[in-house]
1. Evaluate the relative contact order of segment 10-85 (contact order divided by residue number), counting alpha-carbon pairs under 8 angstrom at least 6 apart; express in whole percent.
2. Give or take rounding to whole Å, what are the principal axis extents of the alpha carbon atoms in segment 59-104, in descending order?
3. At q = 0.18, 0.19 Å⁻¹, work out log10 I(q)/I(0) for segment 31-135 with the Debye formula, treating every Cα as an identical point scatterer and leaving solvent out; two decimals please.
4. For segment 12-85, what value does the Rg/Rh ratio take when both radii are computed over Cα atoms and Rh is the Kirkwood radius, given to two decimals?
5. Count charges around Cys45 for me, please; just the other residues with Cβ under 10 Å from its Cβ, Lys/Arg as +1, Asp/Glu as -1.
Amino acid sequence: MARRRSFGGYEEERFENEVDSTLLCPICRNVLKDAVQCPNEHYCCRSCIGKHLHENSETCPTCQHHLTEETLSKPPRLLTNMLQNLKIRCDHAQRGCRELIKLEFLDRHVKRCGHVAIHQHVVQTLAVLKLSTNTRKNDMRMNFVVSV
Ligand SMILES: [Zn+2]
Ligand SMILES: [Zn+2]
Ligand SMILES: [Zn+2]
């Protein structure tokens, strides 16, 4: 059920309009989340580059410039603004939320989104149902054993 990845950007198909390719992360190929840049102004999601530096090599994946967590810097205001103004569908779109939210306000919306509560309720109900189905199966098996 937990389909959300702990790292990587936002899936492009969640956005209202096509996203400019400068706003895509070269590592996860999604739209930049918490963007950082190398000294030559190549952008990545903070979580993606962190993982890359840690697991692959201490270089920028685009220009191979030597890079560490310390030499990463904040992207220009212009880029951040462009990102924040993109309209994205709510995390719970598949659970029926129809909101299109500016990226800037996404986290705030998701925290308050009424569709989370409904979803959790459904998960709990499903778990209970599953439990009772399993119990019934066991009962049937026992009956079977008894009748043989
Ligand atoms: Zn990324
Ligand atoms: Zn670079
Ligand atoms: Zn929502």
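Quick note: the coordinates plus some simple rules give every number you see, no bench work behind them. Here the structure is a predicted model, which means the values were calculated and not measured. Note that each Cβ is placed from the backbone with ideal geometry, even for glycine, and that neighbours are counted across all protein chains shown.
1. On the way: 97 pairs, mean separation 20.2, N = 76.
RCO, segment 10-85: 27 percent.
2. Cα spread of segment 59-104 along its principal axes, largest to smallest: 45, 22, 17 Å.
3. -0.87, -0.91
4. Details: Rg = 12.0 Å, Rh = 12.4 Å.
In segment 12-85, Rg relative to Rh is 0.96.
5. Details: positive: Lys33, Arg46, Lys51; negative: Asp34.
Taking every other residue near Cys45 into account, the sum is +2.
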